[in-house]
Every structure is written in C-alpha cells, then in structure tokens.
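Participant: Please find one structure pasted underneath; my questions will follow.
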Amino acid sequence: MLELRNITKVYNPGTVTEMCLFDKFSLTVGDGEFLSIVGSNGSGKTSLLNIICGSIPIEGGEVLIGGQSIGRLKDHQRYRRMGRVYQNPAMGTCPNLTLLENMSLADNKGKPFNLGIGINRARVPYYGEQLSMLGLGLENKLNEKVGSLSGGQRQAAALIMSTLTPIDFLILDEHTAALDPKTAETIMQLTSKIIKEKKLTAMMVTHNLRYAVEYGNRLIMMDNGQIVLEKAGAEKERLTVDDILKVFTDISIECGN
C-alpha cells in the first residue's frame, strides 16, 4: 500500500511567486489498484507523481510504502520498487544504444555498478520473450539503436523496461500523450495487460478522459492540489466522460472562466 500523509509542497518559497500547491494533502493507494488521475494543467497531477518518486522535495508530510516511510530514500533508491513511463518516448531509453543494451541496463536496475560484461547473453532469450508480448516485432530489433525506432515502439519498449525487474508500483505520466491515436490505443491495451499479468499497483496521469474512464478501477480528479472527484469500484464503472466533463465545467465556472 502506498500512502501520502499530510503532504505540503510549496514552489518558490520566500519569493513573490511563492505558491502552495499541496497543503496537508493525503492519499492512499491500495495494493493492486489501478488509479487514473485527471485534472487541468497545474492541478498537481505530475507534481504528485514526482513527490512519490522523490524527484522533488516536500516541505512537510510523509510518503510511505507498506507503512514504512521512504522520505529519506533518493529517487534512484525508490525506483528499485517502482517503474515509471514518461510522456516523452525519448525519456526512459538511451537512443544511441541498441535495444538489447537498453534492456540490459533496465535489467540491472538497482544493482551495484561493477567492472564486468555489460550484457548477459543468457538473458537475451528472456528479453526477446518480454518484447514479443507487445506484438510489435521488437524481439527482432534487439540489435537496432533505440533512436531509430518509432515513438510508439520506443514507448512500448520503455513500458517493458520499466517492468523488467520485479516492482510493486508502475507510474504512468501521460505516457500516451505524444503518440498518434492508433499507437496510443495499442500502448494502453499493453499497459492494462502488463498491470494485470504482473499484478502491479498503478497510477496513471492522463488528459485522455476516455482512457481514464475505461481503464483502471479507481479515478480521482484534482484541482489546485485537492481531490474534487473520486470514484471507485462499481461507481467508477458507471462513470462516463460526460460526468467528468461536467465537473470540469463546474470548476471552470467557479473560477470565472
């Protein structure tokens, strides 16, 4: 279980542009949940993921996994239990290395760096098996540089790489936003398949309201660092895109837009 307790996050403290995004914000994500997070720009969605991953500091509160605080852990230490896929397909992969070399790097996540052979040839068949799950033929492109792959292929590879080692949490930061509609559909289907097969707890930030409705078993909408809508289970299954749009509209009217 992942918990955020009384999180306080202030941007640009002590300046004229000081802005308190989170003020004693709390959220619990249960084991095996697939949580979709929606909200307008600046609502706190990506900041929330960055706080969980340790990418940005906080002024107060705790992040806990299984009841244990991870506040003192650096981001690379947290990634031993987490995988993250970013919006930009170029992030999370090394374009000048081959797909095989990228897979090997991902396979060694969390292990100490020592002088030795970079690629364990005994693991190559396993990499091929994992890539074949995608149905994109990437298992036949292991010796091609990742920079030569299409955006969709790179994002698919990044998805496999993020879950190559045993993890508990998958963090998805608008991971379909930069893809064309057809490729985005493929990546979402693959994402759902991997989460179910590997029994992961997942958090997905997305601007695609249809994906937020169709995928996952829980949804929250954020606005100004607060949760303004939350649906789970049967309520989530009955939720429609129009329902979410209505909340967006109501917030916009309250803000005078």
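The values are calculated or read from the model by the stated rules, or taken from the named source; none is laboratory data. These figures come from a predicted structure and were not determined experimentally. As a convention, Cβ positions derive from the backbone with ideal geometry for all residues, glycine included, and neighbour counts pool all protein chains shown. We work out accessible area using only protein heavy atoms, side chains counted, and drop any ligands, DNA or RNA first. Shrake-Rupley method; radii C 1.70, N 1.55, O 1.52, S 1.80 Å.
Participant: Would you confirm whether any residue within region 34-41 is out of contact with any Leu (no Cβ under 7 Å at 6 or more places or on another chain), modelled with pLDDT of 95 or more and aromatic (Phe, Trp, Tyr)?
Facilitator: Checked against the condition, which is being out of contact with any Leu (no Cβ under 7 Å at 6 or more places or on another chain), modelled with pLDDT of 95 or more and aromatic (Phe, Trp, Tyr), region 34-41 yields at least one hit.
Participant: For region 146-154, state whether one or more residues are over 25 Å from residue 123 (Cβ atoms), without any contact (Cβ under 8 Å) to a residue 60 or more places away in the chain and in a helix (DSSP H, G or I).
Facilitator: The answer is no; no qualifying residue exists.
Yes/no matrix, rows are residues, columns are (1) farther than 15 Å from residue 35 by Cβ; (2) free of Cβ contacts under 8 Å to residues at least 60 places away in the same chain:
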| position | (1), (2) |
| --- | --- |
| 169 | no, no |
| 177 | yes, no |
| 182 | yes, yes |
| 190 | yes, yes |
| 206 | no, no |
| 227 | no, no |
| 241 | yes, yes |
| 244 | no, no |
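Participant: Which numbered condition trips up residue 139, out of (1) modelled with pLDDT of 90 or more; (2) surrounded by 19 or more Cβ atoms within 10 Å (Cβ to Cβ); (3) outside any loop (DSSP other than H, G, I, E, B)?
Facilitator: Condition (2) is where residue 139 drops out.
Participant: State the number of residues belonging to region 1-42 that are within 22 Å of residue 247 (Cβ to Cβ), of a type in the set (Ser, Thr, Tyr) and either over 19 Å from the mean Cα position of the chain (by Cα) or open to solvent by 40 Å² or more (accessible area, probe 1.4 Å) (or both).
Facilitator: Looking only at that region, the number is 3.
Participant: Answer with yes or no whether residue 77 is of a type in the set (S, T, N, Q) and open to solvent by less than 80 Å² (accessible area, probe 1.4 Å).
Facilitator: yes
Participant: Evaluate the following for residue 148: is it over 22 Å from residue 50 (Cβ atoms) and over 17 Å from the mean Cα position of the chain (by Cα)?
Facilitator: For residue 148, the condition - over 22 Å from residue 50 (Cβ atoms) and over 17 Å from the mean Cα position of the chain (by Cα) - is met.
Participant: Against the definition (charged (D, E, K, R), open to solvent by 30 Å² or more (accessible area, probe 1.4 Å) and at negative phi), how does residue 199 come out, yes or no?
Facilitator: no
Participant: Another question, then. For region 87-107, name all the residues that are open to solvent by 60 Å² or more (accessible area, probe 1.4 Å) and within 13 Å of the chain's Cα centre (by Cα).
Facilitator: Of everything in region 87-107, those that are open to solvent by 60 Å² or more (accessible area, probe 1.4 Å) and within 13 Å of the chain's Cα centre (by Cα) turn out to be 87, 88, 91.
Participant: Sort out which residues of region 54-83 are in a loop (DSSP other than H, G, I, E, B), out of contact with any Cys (no Cβ under 9 Å at 6 or more places or on another chain) and among the charged types (D, E, K, R), and write them in order of number.
Facilitator: 72, 74, 80, 81
Participant: For region 161-176, which positions are at pLDDT below 90 and surrounded by fewer than 19 Cβ atoms within 10 Å (Cβ to Cβ)?
Facilitator: 165, 166
Participant: I'd like to know if region 60-73 contains one or more residues that are over 14 Å from the mean Cα position of the chain (by Cα), open to solvent by 60 Å² or more (accessible area, probe 1.4 Å) and at pLDDT below 90.
Facilitator: There is at least one residue in region 60-73 that is over 14 Å from the mean Cα position of the chain (by Cα), open to solvent by 60 Å² or more (accessible area, probe 1.4 Å) and at pLDDT below 90.
Participant: Please go through region 198-257 and give me each residue that is part of a helix (DSSP H, G or I), of a type in the set (D, E, K, R) and either touching a Cys at 6+ places or on another chain (Cβ under 7 Å) or farther than 30 Å from residue 160 by Cβ (or both), ordered by number.
Facilitator: Within region 198-257, 235, 238, 242, 243, 246, 250, 254 qualify.
Participant: Right, next: May I ask you to list the residues in region 43-55 that are open to solvent by 40 Å² or more (accessible area, probe 1.4 Å) and free of Cβ contacts under 8 Å to residues at least 60 places away in the same chain?
Facilitator: Initially, region 43-55 is screened for residues open to solvent by 40 Å² or more (accessible area, probe 1.4 Å), giving 46, 55.
Answer for region 43-55, where residues must be open to solvent by 40 Å² or more (accessible area, probe 1.4 Å) and free of Cβ contacts under 8 Å to residues at least 60 places away in the same chain: just 55.
Participant: Please verify whether region 6-14 includes one or more residues that are of a type in the set (A, V, I, L, M, F, W, C) and part of a strand (DSSP E or B). Walk me through how you get there before you give the answer.
Facilitator: Step one: of region 6-14, the residues of a type in the set (A, V, I, L, M, F, W, C) are 7, 10.
When the remaining residues are screened for being part of a strand (DSSP E or B), the result is 7, 10.
Yes.
Participant: So for region 228-239 (the condition being among the β-branched types (Val, Ile, Thr) and open to solvent by less than 60 Å² (accessible area, probe 1.4 Å)), does at least one residue qualify?
Facilitator: Scanning region 228-239 turns up no residue that is among the β-branched types (Val, Ile, Thr) and open to solvent by less than 60 Å² (accessible area, probe 1.4 Å).
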